[in-house]
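The values are calculated or read from the model by the stated rules, or taken from the named source; none is laboratory data. Just so you know, these numbers come straight off a predicted model, no measurement behind them. Cβ: placed from backbone, ideal geometry, glycine included. Neighbour counts: every protein chain shown. For accessibility, only protein heavy atoms count, side chains too; no ligands or nucleic acids. Shrake-Rupley method; radii C 1.70, N 1.55, O 1.52, S 1.80 Å.
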Amino acid sequence: MVTVAVVGAGYWGPNLARNIALSDMTQLTWICDLDLDRAARVGRHFGEAKVTNDLSEILDDRSVDGVAIATPVATHAAIAQACLKAGKHVLIEKPLAASVEEGAALVELAESQGLNLMTDHTFCYTAVVGRIRDLVRSGDIGDLLYYDSVRVNLGLVQSDIDVFWDLAPHDLSILDFVLPETVRPVSVSARGADPLGVGLDCIGHLTIALSNGALAHAHLNWLSPTKIRTTIVGGSKRMLMWDDLRPAQRLSVFDAGVEIDDFDAISRHEALVSYRIGDMVAPSLPEGEALKNVVEEFAESIAERRIPLTDGAAGLRVLEVLAAADRSRASDGQAIALDQIYPAEAR
Ligand SMILES: NC(=O)c1ccc[n+]([C@@H]2O[C@H](COP(=O)([O-])OP(=O)(O)OC[C@H]3O[C@@H](n4cnc5c(N)ncnc54)[C@H](O)[C@@H]3O)[C@@H](O)[C@H]2O)c1
């Protein structure tokens, strides 16, 4: 049993607390929130957990193995740092921190302390993303040609972070998880808009050039009349369509592609281009709460003394793309090389 405390009992923290309390691999020991009443309200559901508004009580409790942090992004680094310094393993909500510098310092601290730092990239623990990863990484879809995602809905216009920092961590963490190991993002261009004048971008377009020449794109929008969660992954042999709002058929695998028969043709007109549209298969995928898998991976990786599937480094790679997107937005969508954000030799 890995003993875990939850810090932050707002919207997401109670979901973590519930999964930690229900898992056979973890025991929920504390719930901490600056708002003690809120911590107590959540704590009422989990009899054995103590409640506090003082993090130091958790840090001083030697029986606590790990801390799960679900507080606003701006507070992640300070809380995680205190936990790591106190010898606790850390599971931290996405995004890992509010800047690349903060994230890099956390990764370094966890390493030097010999502790696990795991980022909750929730979607990476769903069956559908696991299957997409297998199909892409095994070469089943052929060469990756593009990754195209739409993540739009009406609300929630957040007060502390814009639409890029709110929604893009999902797409960026999924992309990081499914890309073949030899393919990495190289540059980022982004445009955002704040048509309501709320002081934060509510609409965002994020384009990422990948090292194999493919392009990834995410469309993020808080002002869409309907919720859309669709991702298309194009391969040279097969193409995948993931609609997360269609539980009966989340994933469709199309045996479709474009074939060019004569690459040596002098002109494009002479090349023999054919389009292949074969069968579509909808794999059956188990349903289940991804957060349960997140909590179990946290516990297992601690027990087995191994790096978790979505570690601090994965969280840091997401921050690098977000930082590049910030810089690109500030310079009218100019492409920003990721090496300018965090040099490869520092990774
Ligand atoms: N993985 C996901 O799918 C997912 C979904 C939603 C939110 N999140 C992440 O979870 C985190 C929290 O988001 P939320 O929507 O629950 O926010 P929230 O504002 O609803 O809750 C945050 C809670 O943290 C408490 N808090 C703030 N500072 C604190 C501190 N220093 N010590 C203790 N408690 C403190 C607040 O009082 C509040 O109760 C964010 O990082 C967010 O990105 C992840």
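Please report, in Å, the Rg and the Dmax of segment 203-319, where both are computed over Cα atoms only.
Cα radius of gyration and Dmax of segment 203-319 are 19.8, 61 Å respectively.
If I build a Gaussian network model for the chain, linking alpha-carbon pairs within less than 10 angstrom, which residue out of 30, 222, 12 has the largest mean-square fluctuation?
Result for the chain, Cα springs under 10 Å: 12 fluctuates most.
Output the relative contact order of segment 62-177, whole-number percent, from Cα pairs under 8 angstrom with separation of 6+ residues. Present the calculation step by step, with values, prior to reporting the outcome.
Working: 115 pairs, mean separation 25.5, N = 116.
Normalised by residue count, the contact order of segment 62-177 is 22 percent.
Below 8 Å between Cα atoms, with a sequence gap of 6+, how large is the relative contact order for segment 26-108 in percent?
Working: 103 pairs, mean separation 18.8, N = 83.
It rounds to 23 percent for segment 26-108.
Please compute the net charge surrounding residue 87, taking Lys and Arg as +1 and Asp and Glu as -1 over other residues with Cβ under 12 Å from its Cβ. If you can, show how the numbers build up before the last one.
Details: positive: 62, 85, 88; negative: 60, 61, 65.
Surrounding charge for residue 87 is 0.
Mind checking which of 159, 173, 284 has the largest fluctuation in a GNM of the chain, springs on alpha carbons under 10 Å?
Taking springs between Cα atoms under 10 Å, the residue moving most is 159.
Could you sort 54, 176 by their accessible area in this structure, using a 1.4 Å probe and putting the largest first?
Details: 54 65, 176 25 Å².
Most to least solvent-accessible, the answer reads 54, 176.
Share of the chain's accessible area from carbon and sulfur, percent, 1.4 Å? Walk me through the intermediate numbers first.
Numbers: 8650 of 16380 Å².
C and S fraction of accessible area: 53 percent.
Could you give the nm distance between label points at residue 154 and residue 339, where each point is 7 Å from its Cα heading toward the beta carbon?
Result: 4.7 nm between the two label points.
Give, rounded to the nearest 20 debye, the magnitude of the charge dipole that segment 118-243 has about its Cα centre when Lys and Arg contribute +1 at Cβ and Asp and Glu contribute -1 at Cβ.
Values: 10 positive and 14 negative charges, 83 e Å.
Here the size comes out at about 400 debye.
Place +1 on the Cβ of every Lys and Arg and -1 on the Cβ of every Asp and Glu in segment 111-158, take the dipole about the Cα centre, and give the residue among 150, 132, 118 whose Cα lies farthest towards its positive end.
The residue sitting farthest along the positive end of the dipole is 150.
Using only alpha-carbon positions, what ratio does the radius of gyration of segment 175-231 give when scaled by 2.2 N^0.38 Å? Walk me through the intermediate numbers first.
On the way: Rg = 13.9 Å, N = 57, 2.2 N^0.38 = 10.2 Å.
Scaled against compact globular proteins, the figure is 1.36.
What is the projected area of the convex hull of the Cα atoms of the chain, averaged over all directions, in nm²?
Working: hull surface 79.2 nm².
Spelled out: convex hull of the Cα atoms, projected over all directions, averaged, 19.8 nm².
Give a residue-ordered list of calculated ³J(HN,Hα) values for segment 6-19 (Karplus: 6.51 cos²θ - 1.76 cosθ + 1.60, θ = phi - 60°; whole Hz; x for Gly, Pro).
10, 10, x, 10, x, 6, 8, x, x, 5, 4, 4, 4, 5
Restricting to DSSP H runs of at least four residues, report the calculated mean residue ellipticity at 222 nm for the chain, -39500 (n - 2.57) per run over all residues, nearest 500 deg cm²/dmol.
Numbers: 10 runs with 115 residues, N = 347.
When only DSSP H runs of four or more count, the value is -10000 deg cm²/dmol.
Show 11, 147 ordered by accessible area, largest first, where the area counts protein heavy atoms only and the probe is 1.4 Å. If you can, show how the numbers build up before the last one.
Numbers: 11 185, 147 10 Å².
Accessible-area ranking of 11, 147, largest first: 11, 147.
Using the heavy atoms of the protein chains and a 1.4 angstrom probe, tell me the accessible area per residue for the chain in square angstrom. Write out the running numbers ahead of the final one.
Details: 16380 Å² over 347 residues.
Here the residues of the chain average 47 Å² of exposed surface.
What is the set of long-range amide H partners of residue 2 at a cut-off below 5 Å, with H atoms built 1.01 Å from backbone N?
For residue 2, whose amide H was placed from the backbone, the distant partners under 5 Å are 26, 27.
Would you calculate the volume per residue, in Å³, of the smallest convex hull containing every Cα atom of segment 54-190?
Details: hull volume 20.8 nm³, N = 137.
So the per-residue hull volume is 152 Å³.
Largest first, how would 45, 121, 205 line up by accessible area (1.4 Å probe)? Spell out each step's value before the answer.
Working: 45 145, 121 5, 205 75 Å².
Highest to lowest solvent-accessible surface, that is 45, 205, 121.
Let's test the formula: R0 of 41 Å, r as the Cβ-Cβ distance of residue 305 and residue 279. What FRET efficiency results, to the nearest 0.05? Spell out each step's value before the answer.
Details: r = 45 Å, r/R0 = 1.09.
So, using R0 = 41 Å, E works out to roughly 0.35.
How large is the charge dipole for segment 179-302, taken about the Cα centre, if only the Cβ atoms of Lys, Arg (+1) and Asp, Glu (-1) carry charge, to the nearest 20 debye? Please list the in-between numbers first.
Numbers: 11 positive and 17 negative charges, 73 e Å.
For this selection, approximately 360 debye.
Measure off 7 Å from each Cα along the Cα-to-Cβ vector at residue 249 and residue 40, then give the distance between these two points in nanometres to one decimal.
Simple spin-label model gives 5.2 nm for this pair.
Please say if segment 1-70 is rounded, prolate or oblate, where rounded means a/c under 1.5 for a ≥ b ≥ c the square roots of the C-alpha gyration tensor eigenvalues, and otherwise the choice is prolate for a/b larger than b/c and oblate otherwise? Don't skip to the answer; put the middle values down first.
Details: a/c = 1.63, a/b = 1.13, b/c = 1.45.
Oblate.
Tell me the net charge near residue 15. Cut-off is 15 Å between Cβ atoms, residue 15 excluded, with +1 for each Lys or Arg and -1 for each Asp or Glu. Don't skip to the answer; put the middle values down first.
Working: positive: 18, 38, 41, 94, 292; negative: 33, 93, 120, 289, 296.
Net charge in that neighbourhood comes out at 0.
What's the magnitude of the charge dipole for the chain around its Cα centre, counting Lys and Arg as +1 and Asp and Glu as -1 at the beta-carbon? Answer in Debye, nearest 20.
Values: 30 positive and 49 negative charges, 105 e Å.
Here the size comes out at about 500 debye.
Sequence gap at least 6, Cα distance under 8 Å: using those rules, report the relative contact order of the chain to the nearest whole percent.
Values: 731 pairs, mean separation 63.5, N = 347.
Relative CO of the chain lands at 18 percent.
Could you tell me the calculated FRET efficiency between residue 24 and residue 327, based on Cβ-Cβ distance and R0 = 45 angstrom, to the nearest 0.05?
Working: r = 45 Å, r/R0 = 1.00.
For residue 24 and residue 327, the calculated efficiency is 0.50.
Among 69, 52, 236, whose Cα lies farthest out toward the positive end of the dipole of the chain, if unit charges sit on the beta carbon of Lys, Arg (+1) and Asp, Glu (-1)?
With unit charges placed on the Cβ atoms, the residue in question is 52.
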